[in-house]
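The values are calculated or read from the model by the stated rules, or taken from the named source; none is laboratory data. Bear in mind that the values here come from a model prediction, so they are computed numbers and not experimental data. With ideal geometry, Cβ positions are generated from the backbone for all residues, glycine too; neighbour counts draw on all protein chains shown. Remember, those area values only see protein heavy atoms, side chains included, never the ligands or the DNA or RNA. Shrake-Rupley method; radii C 1.70, N 1.55, O 1.52, S 1.80 Å.
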Amino acid sequence: MTETADDLSAPLGQDKPRRKRRLRLPFTAMQAVAVMLGLFLVAFAGFAIFNKDPLGGEPMTRIAIREPRATDEKPAAAGHGQDSKQESKHEAKEAPKQAGEQKTVTMIDGSTGTRHDVVIGGGDAADKGDAAAASAPPPVMAGIDPKLLEKSRYGMIPVTVEGAKPFNVYAADADRAKAAKMPVVAILIGGLGVGAAKTTDAIMRLPPAVTLAFTPYGADPGKLAERARAQRHEIFLQIPMEPYDFPDNDPGPQTLLTSLTADQNMDRLYWHLSRMQGYAGLTNFMGARFVATDAAMQPIIREAAKRGLGFFDDGSSPRSIAPQAAASQAMPFGKGDIAIDVVPTPAEIDRALNKLESTARERGVAIGTASALPVSIERIGSWTKTLSDRGILLVPLTTAMLKSRSS
């Protein structure tokens, strides 16, 4: 064995220390991260390709339906799904047995908790996917003249009989002789029927001469409308119509659209008319595009006139052809002058009410519109208490419409 000089000079009895070898990986840490990321992407792509969900992660609605108890009954048809922008929780409740084995599904919005009952299965209307026709027609309200009702496929709708018109029969009482001699103001509160609390607030806190306008939506708008009439409020029915930014701004189901035929819009109108009774006239709910489109608006005005109703234009669309269309039918018509709560603050509402009062002094009649906001109800209620002391008469909308027509 060959020894080096270092070996000869090293102390006896001690071994030469061995140099430790450093373990080297075949790849760097960055390369390891890249490999793991690649494996993840491959797994994700595989899931997307082979996943059997055709919606690919889109929001969905699940409806649970209990199976019929009897073995010889057929399960209710699943019906046509309703669009939902967010996933909702649903629960089903079995409806009483009816012809066609209809079932009522209670749909619960997962974020707000709002409940909606939808009848599915059975009947021609359900087969066609028409939820409105599948549901039972609303009952006739108390105090309604049955002679002024006509049956449609959705329920009872107003009609003129032997010269009697809903506009005249359901107009609220007013001293029209006095109204003819002094400036008058009418106020229409809209958006009622959806939200029992705010609707009840408007019914009970505002004077009877204030007219209330109901949308056709809500769990039971007819019940609230019936209560309003019991408190001597005059009521109008709001018809959802197409705005310029539809469908980004959507008034609701069965909205009248300029893209539909006259027959299609008429069918939707009948659905709205059947939701309640006892209204003296119609008014637009949104609808800036629709009321400005002659071909779409004319058939609606003609139908309203034929059924003995008045029409009120809320004044939100300067291009509206409603005044000319109503004049051609010689029907009662009115148009809003001032939107009272565009800026819903006490100071701005008071300013709008003062402007409404000035308009009444100048022209003899002025009509304001507002929503059922608590601040609006509070300020309007306070303003009306001293209105007569200032020489202005608060009247129902029908009285203001008739005075506008005669002046």
Neighbourhood net charge (12 Å Cβ-Cβ; Lys/Arg +1, Asp/Glu -1) for Arg379: -1
Does a label point 7 Å from the Cα of Arg319, set along Cα-to-beta-carbon, have any residues of the stretch 236-251 with amide nitrogen under 11 Å, and which are they? 244-245
Around Ala219, which amide H atoms from residues at least 5 apart in sequence, or from another chain, sit under 5 Å from its own amide H, with H modelled in the peptide plane? Gly195
With the full set of protein chains in place, find how many percent of the accessible area of the stretch 142-287 is carbon and sulfur; take the probe as 1.4 Å. 52 percent
Using a 1.4 angstrom probe, figure out how much accessible area the stretch 241-306 has per residue, in square angstrom, rounded to the nearest whole. 37 Å²
Averaging 1/r across every pair of distinct alpha carbons in the stretch 313-396 and inverting yields a Kirkwood hydrodynamic radius, in angstrom, of 13.9 Å
Holding the Cα-Cα limit at 22 Å, pick out from Lys165/Lys403; Lys165/Lys355; Lys147/Lys198; Lys147/Lys306 the pairs that are longer than that. Lys165/Lys355; Lys147/Lys198
Relative to the compact-globule estimate 2.2 N^0.38 Å (N residues), the Cα gyration radius of the stretch 250-375 stands at a ratio of 1.14
Using a Debye calculation, one point per C-alpha and no hydration shell, please list log10 I(q)/I(0) for the stretch 188-238 at q = 0.23, 0.25, 0.31 Å⁻¹ in order. -0.70, -0.84, -1.36
Counting only residues 5 or more apart in sequence or on a different chain, those whose built amide H sits under 5 Å from that of Val184 are Val365, Ala366, Leu393
Between Ile239 and residues 5 or more places away or on another chain, the pairs with built amide H atoms under 5 Å apart involve Thr283, Asn284, Phe285
Phi-based couplings in Hz for the stretch 296-306 (Karplus 6.51, -1.76, 1.60; Gly and Pro marked x): 7, 7, 4, x, 5, 5, 4, 5, 4, 5, 4
Would you report the distance distribution of C-alpha pairs in the stretch 257-303 as whole percents per 5 angstrom bin, up to the bin with the largest distance? 5, 19, 32, 27, 13, 4, 0
Using each residue's phi in the stretch 395-400, evaluate 6.51 cos²θ - 1.76 cosθ + 1.60 at θ = phi - 60° and report the 3J(HN,Hα) Karplus result to the nearest Hz, with x for Gly and Pro. 10, x, 4, 4, 5, 5
Phi to ³J(HN,Hα) by Karplus 6.51 cos²θ - 1.76 cosθ + 1.60 over the stretch 206-214, Hz, x for Gly, Pro: 9, x, x, 5, 6, 8, 10, 10, 10
